[in-house]
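Student: I have a structure here, written as structure tokens, and I will follow up with some questions on it.
The values are calculated or read from the model by the stated rules, or taken from the named source; none is laboratory data. In this text, all values refer to a predicted model and were calculated from it rather than measured experimentally. Note that each Cβ is placed from the backbone with ideal geometry, even for glycine, and that neighbours are counted across all protein chains shown. The protein model used for the area step is the full one, side chains on, heavy atoms only, and it has no ligands, DNA or RNA in it. Shrake-Rupley method; radii C 1.70, N 1.55, O 1.52, S 1.80 Å.
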Amino acid sequence: MNDLTGLGSTDHLSIINILFLILIAILGGLIVWLIMRSTVIKRQYEEIRKAKEEAERAYTSKSRFLANMSHEIRTPINTIMGMNEMAIREDARGVPKDYFISMMNYAFDIRNASESLLGLINDLLDISKIESGKMHLVEQEYDTQDMLRSIVSMIRVRTVEKELTFEVVIDEVMPKRLYGDMGKIKQIVLNLLTNAVKYTPRGGLILNVSMESRENDVCTLCFAVKDTGIGIKEEDMGRLFTAYDRLDEEKNAEIQGTGLGLDISNRFAELMGGQLWCESTYGEGSEFFLSLGQKIVDATPIGIFIEHDDIGAKGPYVPHFIAPDADILVVDDNPLNLSVIKGLLKATRVFVTTALSGEEAIDKIKDNHFDFVLLDHMMPEMDGIETLEKIREIEPDIPVYALTANSTTGEDFYLSKGFDGYLSKPVDTEVLEKVILKYLPEEMVEVIDRDEVVEELKELPENMLWINETEGIDVDEGIKNSGGIGSFIFALELFLDTIDSNTKVIRDSYEEGNIRLYTIKVHSLKSSCRIIGARELSEYALKLEKAGKRNDIAFIDANNDIFLAEYEAYKEKLKSLKVVVSDDEDKELIPADELEDAYATLKEMIPLMDYDAVSMVVDGLMEYKLPDDDAIKIYDLSKMLKIFDWDAMEEWIKNV
Ligand code: ADP
């Protein structure tokens with residue numbers, strides 16, 4: 001029988017077979033595809049997971065690295081800055097004066113370099129905190145005038161150094177006390193001012209602070225920083241607030257910077273609900289503005305802003321208070337940090353006990369009474385927090401401040417752990433003194449009115465008035481640069497006493513062709529001249545310094561003699577200072593036998609080159625009024641002694 005469909009049963013079978021095979025193939029393919037898909041996805045997923053883990057690990061190790069770096073770097077900087085501060089404050093009496101001037105110049109250079117290093121590290125930390133969302137507001141009550149003063153005094157030093165003008169205009173109606181994140185405001189304004197100094201080769205800057213508006217207990221402040229600097233190109237304006245971006249690289253190659261400051265400032269401003277912006281004309285200058293709201297605590301107007309000058313060579317350091325009966329305990333595992341704190345508090349005369357570990361601190365607290373404790377946070381074995389818990393068991397009420405190099409943890413953290421507050425390293429002496437003063441019982445403390453100390457010499461003494469007529473010395477500038485009238489007179493004496501020895505070194509190094517030493521010496525002379533207000537001579541020294549740096553021997557050849565002659569002319573200009581030294585009518589005339597004794601001792605001691613003995617005799621003689629001849633002789637001897645010129649002293653003693 002014929003199949004009506006035209007297909008035989010074998011054909012049917014083969015179609016079914018084919019369909020079946022196709023189905024199997026599809027299924028097989030599907031299974032393979034599914035398996036492939038799951039493994040590929042799995043692999044991809046695995047890869048993504050790994051990448052994420054790696055990124056997280058890298059991120060945490062970056063954060064950990066930064067936190068460690070902060071601690072590891074800030075701690076030694078703290079030591080350097082603290083030790084340097086102590087060197088600056090050493091009592092200079094009895095130290096040869098030219099040696100003292102050189103040391104001070106080095107010390108001020110160390111201070112500048114460590115401050116900029118610290119600034120750099122703080123910037124890096126800030127950026128990493130911002131990026132990881134860990135930057136928070138640290139709000140507190142603060143004194144408006146104090147904040148502005150500390151900003152102005154820091155920038156004043158830099159503008160004096162760079163010979164820029166710095167005008168400060170502060171709204172008299174600014175409220176006396178405000179509430180907000182003072183640290184961040186200060187950081188932004190300092191950054192704007194530092195940039196203005198950095199990017200202004202000549203001319204100057206103006207800081208203008210005003211209260212724009214006030215509504216109930218909130219006011220809007222505006223800080224404007226204007227400079228006559230290089231300006232910013234219109235096309236660069238968009239990149240101004242971007243991290244790591246520096247503009248005009250060619251022109252700015254010699255100016256140090258990371259391109260972080262403005263980005264941080266901008267983010268801080270945003271965090272505080274404020275705004276930061278800039279207007280600039282390329283080649284003419286820029287003006288940066290920060291506007292933000294602050295809560296008012298005390299609306300009394302600050303009145304006329306008085307800026308305390310804090311520059312240059314000062315007399316002995318004046319602390320805020322003295323308290324010889326106060327006992328404080330400082331705990332830190334690093335002995336250098338302990339000696340820094342001890343040194344910083346030396347002038348206050350408080351008694352500082354030290355402990356190198358939490359255990360030692362607890363033992364000392366068990367046996368003694370302390371009025372205040374400063375406790376390092378990060379210590380091996382028992383850390384600051386654990387130590388505090390134990391201290392609280394023994395002395396629940398004793399004020400304890402944390403000492404920390406870790407700027408990532410704020411006040412809230414330490415308060416929550418039971419501390420009364422915290423101080424960050426490097427410790428600022430002013431803050432340290434103020435904090436301790438807050439906790440000492442009143443009867444233990446003698447508060448020193450620092451304004452009064454400065455005011456003691458509001459005018460030049462009568463016998464110094466001739467200095468106003470002295471050509472080549474700008475008295476007002478000298479007083480400003482040396483930090484007061486007393487220090488100005490001190491600086492003038494130093495200047496006069498070192499003319500001979502400096503001239504010798506400059507002349508010798510020039511003749512020997514030792515341009516490096518020559519440059520160092522004229523560099524340090526430049527600062528000394530500026531301190532006494534000898535502006536033109538200082539500018540001349542700067543020209544020679546620059547010539548030395550670029551090895552321009554022709555310029556030095558042409559100018560060295562003229563410069564030295566002008567410098568030496570100051571011996572004549574300042575000769576009346578000698579009279580001031582010996583012209584003290586209040587002193588008793590020296591008894592003849594005492595004078596004889598003194599000469600006899602000098603005859604014995606000078607050949608032995610006994611510096612201490614000779615200077616003791618000289619100091620003893622200075623207590624008396626001497627006959628004119630002897631006064632001049634002793635004055636000459638004291639000059640030789642200052643520069644250790646033993647040959648000249650031997651010659652001198654033969655002739656007396
Ligand atoms: P930097 O550490 O490089 O100074 P900033 O973030 O503070 O970093 O500034 C970014 C860039 O903006 C600077 O490199 C500079 O090119 C430019 N700039 C900042 N302030 C000024 C200014 N007052 N005048 C001219 N250019 C400025």
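Student: Of the peptides 589-596, 543-550, 106-113, 41-48, how do they stack up when ordered by the mean number of other Cβ atoms within 10 Å, highest first?
Tutor: 543-550, 106-113, 589-596, 41-48
Student: Hey, can you rank 460-468, 494-502 by average C-beta count inside 10 Å, highest first?
Tutor: In decreasing order of mean packing, 460-468, 494-502 become 494-502, 460-468.
Student: Then there's this: Which Rg and Dmax, in Å, describe the Cα atoms of region 22-167?
Tutor: 29.9, 108
Student: From the phi angles alone, apply the Karplus equation (6.51, -1.76, 1.60; θ = phi - 60°) to region 268-276 and give each ³J(HN,Hα) in whole Hz, x where the residue is Gly or Pro.
Tutor: In residue order, the calculated couplings are 4, 4, 4, 4, 8, x, x, 9, 10 Hz.
Student: Looking at the chain, what % of the alpha carbon pairs are farther apart than 50 Å?
Tutor: Tail of P(r) above 50 Å: 29 percent of Cα pairs.
Student: Also, quick follow-up: Using amide H atoms built in the peptide plane, which far-off residues or other-chain residues are under 5 Å from Ser132 H to H?
Tutor: It is none; the list stays empty.
Student: Now a separate question. Could you tell me which residue out of Leu564, Asn502, Ser524 lies farthest along the dipole of region 462-569 toward its positive end? Charges go on the beta carbon: Lys and Arg +1, Asp and Glu -1, centred on the Cα centre.
Tutor: Among Leu564, Asn502, Ser524, the one farthest towards the positive end of the dipole of region 462-569 is Ser524.
Student: Something else: Given a 1.4 Å probe, how much area per residue of the chain is accessible, in Å²?
Tutor: Each residue of the chain exposes 54 Å² on average to a 1.4 Å probe.
Student: At a threshold of 8 angstrom on Cα-Cα distance, excluding pairs fewer than six apart, so keeping six or more, what relative contact order does the chain reach in percent?
Tutor: 11
Student: Right, another one. Amide H to amide H, which residues 5 or more places from Tyr422 or on other chains are under 5 Å from it, using H placed in the peptide plane?
Tutor: Ala402
Student: At a 1.4 Å probe radius, carbon and sulfur cover how many percent of the accessible area of the chain?
Tutor: 54
Student: While we're looking at this one, here's another question. Put one equal scatterer on each alpha carbon of region 321-449, apply the Debye formula with no solvent term, and list log10 I(q)/I(0) at q = 0.17, 0.21, 0.23 1/Å to two decimals.
Tutor: Once normalised to I(0) and log-transformed, intensities are -0.84, -1.32, -1.58.
Student: Another question about this same structure. What would the Debye equation give as log₁₀ I(q)/I(0) for region 460-557 at q = 0.11, 0.23, 0.25 Å⁻¹, counting only Cα atoms as equal point scatterers?
Tutor: The Cα Debye sum returns log10 ratios of -0.36, -1.11, -1.23.
Student: Could I ask something else about it? Using θ = phi - 60° and the Karplus curve 6.51 cos²θ - 1.76 cosθ + 1.60, what whole-Hz ³J(HN,Hα) does each residue of region 103-115 get, with Gly and Pro shown as x?
Tutor: Karplus-based 3J(HN,Hα) across region 103-115 equals 4, 5, 4, 4, 5, 5, 5, 4, 4, 4, 5, 5, 5 Hz.
Student: Anything over 29 Å Cα to Cα? Flag those among Lys549/Lys633; Lys434/Lys639; Lys346/Lys521; Lys233/Lys549; Lys162/Lys434; Lys129/Lys417, in the order listed.
Tutor: As for pairs spanning more than 29 Å Cα to Cα, those are Lys549/Lys633; Lys434/Lys639; Lys346/Lys521; Lys233/Lys549; Lys162/Lys434.
Student: Next question, about the same structure. Relative contact order for region 462-569 using alpha-carbon pairs under 8 Å, separation at least 6, rounded to a whole percent?
Tutor: 29
Student: Further, regarding this structure: Run through the DSSP bridge list for region 140-301 and note the antiparallel percent, rounded to the nearest 5.
Tutor: In region 140-301, approximately 85 percent of DSSP beta bridges are antiparallel ones.
Student: Moving on. Run the reach check for Lys42 against lysines, Cα to Cα strictly under 25 Å, same-chain hits fewer than 8 apart removed. What comes back?
Tutor: Lys42 reaches Lys50, Lys52.
Student: I would also like to ask the following. What would the Debye formula give as log10 I(q)/I(0) at q = 0.09 Å⁻¹ for the alpha-carbon point model of region 140-301, no solvent?
Tutor: Results for region 140-301 at q = 0.09 Å⁻¹ read -0.29.
Student: What is the helix-to-structure angle for 384-394, meaning the angle in degrees between its Cα long axis and the longest Cα principal axis of the chain, kept from 0 to 90 and rounded to the nearest 10?
Tutor: 70
Student: Could you tell me which residue out of Ser61, Leu537, Ala347 lies farthest along the dipole of the chain toward its positive end? Charges go on the beta carbon: Lys and Arg +1, Asp and Glu -1, centred on the Cα centre.
Tutor: So the residue we want is Ser61.
Student: Please report, in debye to the nearest 20, how large the charge dipole of region 55-158 is about its Cα centre when each Lys and Arg carries +1 at its beta carbon and each Asp and Glu carries -1 there.
Tutor: About 220 debye.
Student: Residue by residue through region 326-331, which ³J(HN,Hα) values in whole Hz follow from phi under the Karplus form 6.51 cos²θ - 1.76 cosθ + 1.60 (θ = phi - 60°), with glycine and proline marked x?
Tutor: My calculation for region 326-331 gives 7, 10, 10, 10, 10, 10 Hz in order.
Student: Rounding to the nearest 20 debye, state how big the charge dipole of the chain is about its Cα centre with +1 on each Lys and Arg Cβ and -1 on each Asp and Glu Cβ.
Tutor: Value, rounded to 20: 3400 debye.
Student: Which residues' amide hydrogens lie under 5 Å from the amide hydrogen of Ala326, considering only partners 5 or more residues apart or on another chain, with H built in the peptide plane?
Tutor: Counting only residues 5 or more places away or on other chains, the set is Phe351.
Student: Over the chain, what is the percentage of antiparallel beta bridges among all DSSP beta bridges, to the nearest 5?
Tutor: Rounded to the nearest five, the antiparallel share is 60 percent.
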